[in-house]
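The values are calculated or read from the model by the stated rules, or taken from the named source; none is laboratory data. On a predicted model such as this, the values are computed, not experimentally measured, just so you know. Using ideal geometry, Cβ is built from the backbone for each residue, glycine included, and neighbour counts are taken over all protein chains shown. Surface accessibility is based on the protein's heavy atoms, side chains included, excluding ligands, DNA and RNA. Shrake-Rupley method; radii C 1.70, N 1.55, O 1.52, S 1.80 Å.
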Amino acid sequence: MEYRELVEGIKIPVLGLGTWQIGGGMIADSSRDEEEVAALRTGIELGMTHIDTAENYAAGHCEELVGEAIKPYKREDLFITTKVWPNHLRRDDLLASMKGSLSRLDLEYVDLYLIHWPNPSVPLRETMGALEECAEEGHTRFIGLSNFSAPLMEEAKSYLLEHRLVADQVEYNLIDQHPKGELLPYCQKNDVMLIAYTPLARGSLARLRNNIELDEVAEKYGKTPGQVALNWLIFQDKVVAIPKASKIEHLKENVGAVGWKLRKEDFEKLTKAFR
Ligand SMILES: NC(=O)c1ccc[n+]([C@@H]2O[C@H](COP(=O)([O-])OP(=O)(O)OC[C@H]3O[C@@H](n4cnc5c(N)ncnc54)[C@H](OP(=O)(O)O)[C@@H]3O)[C@@H](O)[C@H]2O)c1
């Protein structure tokens with residue numbers, strides 16, 4: 001695995017584990033619990049020790065499965081991110097959400113707590129204060145955002161007193177390159193990690209014959225299209241990715257996106273091919 005510095009002295013793997021659809025979708029589904037826990041453990045053993053979950057995934061059951069999956073591992077070897085849903089952004093609601101997540105994860109603290117989506121009907125100053133309280137109380141080591149634009153991140157930052165925003169988690173992949181315009185340059189300048197979600201465009205980038213240039217580059221490096229699509233993301237400064245995979249062969253394939261690097265001209269070729 002390769003790592004990228006989140007803040008001074010703290011590194012996270014360039015590839016983590018997404019968990020949306022683990023344990024169900026909008027509602028809990030326990031029918032595949034054993035398989036999902038085994039898949040998460042395989043991912044951890046392959047080095048994808050940053051696990052991304054959220055209070056609303058599978059109505060909380062996803063956090064329960066993550067909590068179960070991580071039990072055999074040393075807490076300090078893992079980096080656990082969870083997120084508060086936008087209807088819980090008032091101070092008291094956010095603090096209750098934080099406690100609910102910790103209880104389902106069976107953890108004393110998470111590493112990163114994110115606002116899942118902005119909610120214009122709740123004052124951002126109040127939410128940022130509540131996030132800082134979570135950090136003050138030791139419920140989370142770091143705080144950040146998800147689905148925030150650069151201007152909204154700048155506003156969020158202006159309300160912080162003691163802590164800083166370390167990450168913004170947004171959709172970013174070859175097909176959806178919108179962060180390349182304003183957000184990624186902002187993150188790079190302000191030392192904020194861009195955590196790329198849906199990095200495989202829900203698996204479509206991992207399929208052959210989706211795009212001629214992607215297939216060509218994959219063949220040139222002896223890699224799969226999915227590995228190239230992930231390598232295209234982590235080629236970029238201040239970017240890490242969190243592909244989700246429940247199939248063991250997918251997990252193994254994805255980790256093969258690490259340990260080599262696209263040449264600059266191939267990175268540019270792919271950027272253009274999908275733009
Ligand atoms: N902050 C937000 O608002 C937000 C929004 C969306 C997602 N996220 C986070 O980002 C994570 C990743 O995004 P995502 O789940 O939307 O999409 P994704 O990671 O781009 O794609 C996941 C899909 O791709 C398949 N897949 C994975 N590796 C593959 C491979 N090597 N070959 C073929 N198919 C492969 C998976 O199948 P199997 O599972 O069957 O292996 C799954 O169906 C989420 O799980 C979640 O943690 C956050």
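Scan (1) modelled with pLDDT of 95 or more; (2) open to solvent by 20 Å² or more (accessible area, probe 1.4 Å) for the single condition Arg275 breaks and write down its number.
Just one mismatch for Arg275, condition (1).
Residues of the stretch 235-255 being of a type outside the set (S, T, N, Q) and open to solvent by less than 20 Å² (accessible area, probe 1.4 Å), which ones?
Selection gives Lys238, Val239, Val240, Ala241, Ile242, Pro243, Ala245, Leu251.
Restricting to the stretch 138-155, what's the tally of residues that are part of a helix (DSSP H, G or I) and surrounded by fewer than 17 Cβ atoms within 10 Å (Cβ to Cβ)?
Residues that pass the stated criteria total 4.
Any residue at all in the stretch 189-201 that is modelled with pLDDT of 95 or more, surrounded by fewer than 22 Cβ atoms within 10 Å (Cβ to Cβ) and more than 30 Å from Val66 (Cα to Cα)?
Yes.
State all residues of the stretch 162-202 that are of a type in the set (Gly, Ala, Ser) and under 15 Å from the mean Cα position of the chain (by Cα); if no residue qualifies, say none.
Ala167, Ala196, Ala201, listed by residue number.
When you go through Glu137, Glu133 one by one, which is the residue that is in contact with a helix residue (DSSP H, G or I) (Cβ under 7 Å, 6 or more places away or on another chain) and not aliphatic (A, V, I, L, M)?
After ruling out the rest, the residue left standing is Glu133.
Please specify each residue of the stretch 205-234 satisfying the condition of being surrounded by 21 or more Cβ atoms within 10 Å (Cβ to Cβ), within 24 Å of the chain's Cα centre (by Cα) and not polar (S, T, N, Q).
Hits for the stretch 205-234 are Leu205, Ala206, Leu214, Pro225, Gly226, Val228, Ala229, Leu230, Trp232, Leu233, Ile234.
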